[in-house]
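A short write-up of the structure that comes next.
The values are calculated or read from the model by the stated rules, or taken from the named source; none is laboratory data. Everything quoted here is computed from the prediction, not taken from an experiment. Positions of Cβ are backbone-derived with ideal geometry, glycine not excepted, and every protein chain shown enters the neighbour counts. Just so you know, the surface numbers come from the protein's heavy atoms only, side chains and all, with ligands and any DNA or RNA stripped out. Shrake-Rupley method; radii C 1.70, N 1.55, O 1.52, S 1.80 Å.
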Amino acid sequence: METTRSRSLAPLKLTRTPLKLTLRPAERLCYATGALLVVSGLAHLVIFGVDGGPWDGPVSWRKPITFGLSFGLTLIAITWVTSYLRVGTRLRTKLLVVFAADCVVEVGGITLQAWRRVPSHLNMETGFDTAVSMTLAVGGGVLVVLLTVFAVASFRNRPTGPLGMPLALRSGFAILLVALASGAAMIARGVVLTRTGHQDAAYHSTAPLKPLHGVSLHAVLVLPALAWLLSRTSWSERIRQRVMYAAVGCYAAAVLGAGVWAVLTW
């Protein structure tokens, strides 16, 4: 009796089972592809350090570096943040696979032209160069459509996730649309100048919009990452919410500043 009673009064030991992150095959593919694109960008940074050459201009190792890093991080970010969107599993899988393939095509074309020592965008000098340039332009259009679909989905139904994640996702995708618009404007203006015989002007016409495009492109990664980090703190919900609003405001101010600079230097 005493033994039984002692066992019943003994403190219970709780066993915590670690949470396992289950990734679908399409998600693994996208994460792996994004990582490879980042590695490609870093590898070309090493090549730039060894080979040298100009950093600016239409022919530079800068392009495979920046595009590899940017597309890789964007692919990883989109794969992650869309898991919080209320989108059908099959639809999301198809969109992500197409997005990953398009990212590879974009970075691959830019890298190819860098190794050939010719401009990648707005280059109509030969038939092959024209084909590469048009492929990149079409690929850019596909990116705009895919990311716009995800952006609309974030506003159509409230995203899931920890406190602040819905605000971070909606703000991130809204700012991402600014990046897409500025990118489309750069391509459109460059094509017009190229078609009218101003090839050199076309190469330099994108400079005013590059800061706006670059700053607004990664809000969809920075803001959700901040929301996730805040959810790991012991801060109160009120403080975390205020930090998220402040972060969104600061990011929007940075985008506005880049936009004003683009207008003044256009």
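Describe numerically, in nm with one decimal, the distance between label points set 7 Å from Cα along Cα→Cβ at residue 261 and at residue 125. With each label point 7 Å from Cα toward Cβ, the separation is 3.0 nm.
Full extension of the chain between residue 207 and residue 144 yields a length gain of 20.6 nm, computed as 0.36 nm times the residue separation minus the alpha carbon distance. Relative to the longest principal axis of the Cα atoms of the chain, the long axis of helix 165-195 makes an angle of roughly 10 degrees.
Placing +1 on each Lys and Arg Cβ and -1 on each Asp and Glu Cβ, with no other charges, gives the chain a dipole about its Cα centre of roughly 1420 debye. Rounded to the nearest 10 degrees, the angle from helix 127-156 to the longest Cα principal axis of the chain is 30 degrees. Summing charges over all other residues whose Cβ lies under 13 Å from the Cβ of residue 117, with Lys and Arg as +1 and Asp and Glu as -1, gives -1. Sequence-distant contacts, meaning Cα pairs under 8 Å at least 6 residues apart, place the relative contact order of the chain at 17 percent. Rounded to the nearest Hz, the phi-derived 3J(HN,Hα) couplings of the stretch 60-72 under the Karplus curve 6.51 cos²θ - 1.76 cosθ + 1.60 (θ = phi - 60°) are 6, 5, 4, 5, x, 5, 5, 6, x, 5, 5, 5, x, where x marks glycine and proline. Any chance you could tell me what percent of the C-alpha pair distances in the chain go past 23 Å? Pairs farther apart than 23 Å: 59 percent. Full extension of the segment from residue 91 to residue 134, taken as 0.36 nm per residue of separation minus the current Cα-Cα distance, would add 12.7 nm.
Taking only protein heavy atoms and a 1.4 Å probe, the accessible area of the chain is 68% carbon and sulfur.
Stretched out straight at 0.36 nm per residue, the stretch from residue 236 to residue 31 would grow longer than its current Cα-Cα span by 70.6 nm. Taking all protein chains into account, the per residue accessible area for the chain stands at 56 Å² (1.4 Å probe).
In terms of the Cα gyration tensor, with a ≥ b ≥ c the square roots of its eigenvalues, is the stretch 220-260 rounded because a/c is under 1.5, prolate because a/b exceeds b/c, or oblate? It is oblate, given that a/c is not under 1.5 and a/b is not larger than b/c.
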